[in-house]
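Visitor: Before we start, here is the structure in question, set down as structure tokens.
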Amino acid sequence: MTDIAELPAWLTDFRHELHRFPELSNQEFATTTRLRAALETYQIRILPLDLPTGLVVELGGQHPGPLIVLRADIDALPIEEKSGVPFSSAHPGVMHACGHDFHSASALGAAILLKQQESSLPGRVRILFQPAEETGQGAPAVIAAGALEGATAIFGIHNDPALPVGVMGSKAGALTAGVDRFRIDITGTGSHAARPHEGNDPVVIAGQLISTLQTLISRNVPSDENAVLSLTQVHSGSTWNVIPDSAWLEGTVRTFSQTVREQIEQRMRDVLAGMAAAFNAQITLDWQPGPPSVVNSEEWVALALETGHETGFDVRRIAANPIGEDFAFYQQRLPGAFIMIGSGGPYALHHPQFRVDDAALFPTAQWLATLAVQALKKAAA
């Protein structure tokens, strides 16, 4: 494609291709190759960073000025697609069920639009095509590769099927939750089910824990704070007439405050220690911290939403959402904003029937390109 007027249709076809050939986290080799080929077609310079998958590109630099970063993620999920779209996944058990194909194509479109005005950019725009968002490992790897060096601010997007096409939303402060995963292992003593006094039943202990852990939120977190603790797996035993010798539980904690995040982990450890002593059992906790909360800068959110309004979006202030997002790692290094883009539903993120309305694609690319220019001007002021 050489005519910029053809870009909307071309971007749609490109997104469909990404959607048809999804790849899991840190396996996005073909996705990276497709992106590289498209970027090289437009002579967009790719930075020589040490990344096995994913790409970082840069535009501008002909004039001195700040560096603004845009980020899009590129990985897919281990989900069997049931969307019914004609470009459904050709890879069994793998699907772009979170819309990262939409994010990548939008950022690619922004890169192409920025290339058309590269000679006049008042600084530099760097675009991250980031791998492994779904595992929370991608952003730290991109940071370690040096992708943020010299940057002033960063912007990221995520499609939101709960918002109609043409709508974007965000808010200052915490937008997404800090995400932690935990596993609790209980070791007791097995016995015949008819003689429970000869053992130390881990199922009973697990039952007590299920009830007690719910109080970590209701009796420890202030009412003006939000937090979630969900137990999602409980496993023990293998037959009906034997008390097993072990059990394990797994779940997640979502928080919007680092103080509350640390408090819940410590209280969980206290509860488990007390329960182990009370039941004379061994109870261990494997706490696996994930991304922190996305915390948006008020000034950069305001600019992003103002630019959205100017480019034709219906702009809304939205509530915080307890999903996880590794964009938060970037915001630990520099200020920025994460924006939700309406993708039209009707199915939720990570649903086998999830799909994105293509009508949202080119307007998002145009807005990202405009936002990058406006952010350069603001940072230089």
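The values are calculated or read from the model by the stated rules, or taken from the named source; none is laboratory data. Source: prediction; values computed, not measured. Cβ atoms come from the backbone with ideal geometry, glycine included; neighbour counts cover every protein chain shown. Remember, those area values only see protein heavy atoms, side chains included, never the ligands or the DNA or RNA. Shrake-Rupley method; radii C 1.70, N 1.55, O 1.52, S 1.80 Å.
Visitor: About its Cα centre, what dipole magnitude does the chain give when the only charges are +1 on Lys and Arg Cβ and -1 on Asp and Glu Cβ, stated in debye to the nearest 20?
Guide: The calculated dipole for the chain is roughly 440 debye.
Visitor: Go through 319, 297, 339 and say which Cα lies farthest out towards the positive end of the charge dipole of the stretch 293-339; charges sit on Cβ, +1 for Lys and Arg, -1 for Asp and Glu.
Guide: So the residue we want is 319.
Visitor: While we're looking at this one, here's another question. Compute the distance in nm between two label points, each set 7 Å from the Cα along the Cα-to-Cβ direction, one at residue 116 and one at residue 333.
Guide: 3.1 nm
Visitor: Also, quick follow-up: So what is log10(I(q)/I(0)) for the chain at q = 0.06, 0.11 1/Å, when the Debye sum runs over its Cα atoms only?
Guide: -0.28, -0.80
Visitor: How high is the relative contact order of the chain, given as a whole-number percent (alpha carbon pairs under 8 Å, six or more residues apart)?
Guide: 24 percent
Visitor: In Å², and per residue, what accessible area does the chain have when probed at 1.4 Å with the other protein chains present?
Guide: That works out to 42 Å² per residue.
Visitor: Still on this structure, I have one more. What longest region of the chain stays clear of trypsin sites (Lys or Arg not before Pro) that DSSP places outside H, G, I, E and B and that have at most 16 other Cβ atoms within 10 Å?
Guide: Longest run free of exposed loop sites: 83-218.
Visitor: Dipole of the stretch 162-270, Cα-centred, from +1 at each Lys and Arg C-beta and -1 at each Asp and Glu C-beta, to the nearest 20 debye?
Guide: 280 debye
Visitor: Charges on Cβ only, +1 for Lys and Arg, -1 for Asp and Glu, centred on the Cα centroid of the stretch 1-160; of 25, 109, 153, which one is farthest towards the dipole's positive end?
Guide: 153
Visitor: At 27 Å minimum axial length over the Cα atoms and a Kyte-Doolittle cut of 1.0, report the qualifying DSSP H helices in the chain, or say none.
Guide: Membrane-span-like by this criterion, though nothing is claimed about a membrane: none.
Visitor: Read phi for every residue in the stretch 150-167 and hand back ³J(HN,Hα) as whole Hz from Karplus 6.51 cos²θ - 1.76 cosθ + 1.60, θ = phi - 60°, with x for Gly and Pro.
Guide: Using θ = phi - 60°, the values come out as x, 7, 9, 7, 9, 10, x, 10, 8, 5, 10, x, 7, 9, x, 4, x, 10 Hz.
Visitor: Taking 7 Å along the Cα-to-C-beta vector as the label spot, tell me the residue 43-residue 317 distance in nanometres, rounded to one decimal.
Guide: Placing both labels 7 Å beyond Cα along the Cβ direction yields 4.6 nm.
Visitor: Now a separate question. Could you give each residue of the stretch 60-71 its phi-based ³J(HN,Hα) in whole Hz, using Karplus coefficients 6.51, -1.76, 1.60 with θ = phi - 60°, and x for Gly or Pro?
Guide: Going residue by residue, I get x, x, 6, 10, x, x, x, 10, 10, 10, 10, 10 Hz, with x marking Gly and Pro.
Visitor: Calculate for the chain the 222 nm mean residue ellipticity that helices alone would give, adding -39,500 (n - 2.57) per DSSP H run of length 4 or more and normalising by residue count, nearest 500 deg cm²/dmol.
Guide: So the helix-based figure for the chain works out to -10500 deg cm²/dmol.
Visitor: Tell me the relative contact order for the stretch 72-144 as a rounded percent, counting alpha carbon contacts under 8 Å between residues six or more apart.
Guide: Worked out over the stretch 72-144, it gives 39 percent.
Visitor: Note down the net charge around residue 130, summing +1 for each Lys or Arg and -1 for each Asp or Glu among other residues with Cβ under 10 Å from its Cβ.
Guide: Taking every other residue near residue 130 into account, the sum is -4.
Visitor: While we're on this one: Among bridges DSSP assigns within the chain, what percent are antiparallel (round to 5)?
Guide: Taking every DSSP beta bridge within the chain, about 65 percent pair in antiparallel fashion.
Visitor: Restricting attention to the stretch 227-268, which chymotrypsin sites (Phe, Trp or Tyr not before Pro) occupy a DSSP loop and are surrounded by at most 13 other Cβ atoms within 10 Å?
Guide: Listed in order of number, the matching sites are 240.
Visitor: Which residues' amide hydrogens lie under 5 Å from the amide hydrogen of residue 338, considering only partners 5 or more residues apart or on another chain, with H built in the peptide plane?
Guide: Counting only residues 5 or more places away or on other chains, the set is 156.
Visitor: Considering only DSSP states other than H, G, I, E and B, which GluC sites (Glu not before Pro) in the stretch 108-195 qualify as loop sites with at most 13 other Cβ atoms within 10 Å?
Guide: Here the sparse-neighbourhood loop sites are 149.
Visitor: Additional query: Okay, which of the stretch 129-158 sit inside 20 Å, backbone N to the point 7 Å along the Cα-Cβ direction of residue 183?
Guide: Label zone hits: 134-137.
Visitor: Same structure again: If you roll a 1.4 angstrom probe over the protein chains with everything in place, what fraction of the accessible area of the chain belongs to carbon and sulfur, to the nearest %?
Guide: 50 percent
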